[in-house]
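Enquirer: Just passing along the structure, written as structure tokens.
The values are calculated or read from the model by the stated rules, or taken from the named source; none is laboratory data. Because the structure is predicted, anything quoted here is derived from the model rather than measured. Reconstructed Cβ throughout: ideal geometry from the backbone, glycine too, with neighbour counts over all protein chains shown.
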Amino acid sequence: MTEQPEIIQYQPSGVCCQLMQVAVQDGKILDAEFHGGCNGNLKGIKHLIKGMSVDEVIERLKGITCGPKPTSCPDQLAKCLIEYKQQSLTQSK
């Protein structure tokens, strides 16, 4: 029996996107949904990250800014995944 994917819900801050939902299984991104924000860009991010490891997504997206903002939707996605990893480590102890 295959383990069910974990669905992460995250409310980003400082960006146009209002809610991120990411499906993770065995350390890999299965799918992502973004509510609000730049539709085309977020669809592109969704397709690019499918199948990537959580660590690779964090490494590639962390620190990206949007114009004068100190963060961006990709950066917020990285923060979402960092939080997920920290919570997973805490729960496994």
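Enquirer: Which condition number does Gly63 fail, the rest of (1) at negative phi; (2) of a type outside the set (A, V, I, L, M, F, W, C); (3) not in a helix (DSSP H, G or I) being met?
Expert: Condition not satisfied by Gly63: (1).
Enquirer: Considering only residues of the range 6-27 that are crowded, with 17+ Cβ neighbours inside 10 Å and of a type outside the set (Val, Ile, Thr), which is farthest from the chain's Cα centre (by Cα)?
Expert: Ranking the candidates gives Cys17 first.
Enquirer: Still on this structure: If Gly37 satisfies every condition in (1) modelled with pLDDT of 95 or more; (2) surrounded by 12 or more Cβ atoms within 10 Å (Cβ to Cβ); (3) not in a helix (DSSP H, G or I) but one, which is the exception?
Expert: Result: Gly37 passes all but (1).
Enquirer: With Val22, Val15 as the choices, which residue is in a strand (DSSP E or B), touching a helix residue (DSSP H, G or I) at 6+ places or on another chain (Cβ under 8 Å) and in contact (Cβ under 8 Å) with a residue 60 or more places away in the chain?
Expert: Val22
Enquirer: Can I ask one more? Whether any residue in the range 54-66 is more than 21 Å from Lys85 (Cβ to Cβ), among the β-branched types (Val, Ile, Thr), without any contact (Cβ under 8 Å) to a residue 40 or more places away in the chain and loosely packed, with under 15 Cβ neighbours inside 10 Å is what I want to check.
Expert: Yes, the range 54-66 contains a residue that is more than 21 Å from Lys85 (Cβ to Cβ), among the β-branched types (Val, Ile, Thr), without any contact (Cβ under 8 Å) to a residue 40 or more places away in the chain and loosely packed, with under 15 Cβ neighbours inside 10 Å.
Enquirer: If you go through the range 66-92, how many residues are β-branched (Val, Ile, Thr) and in a helix (DSSP H, G or I)?
Expert: 2
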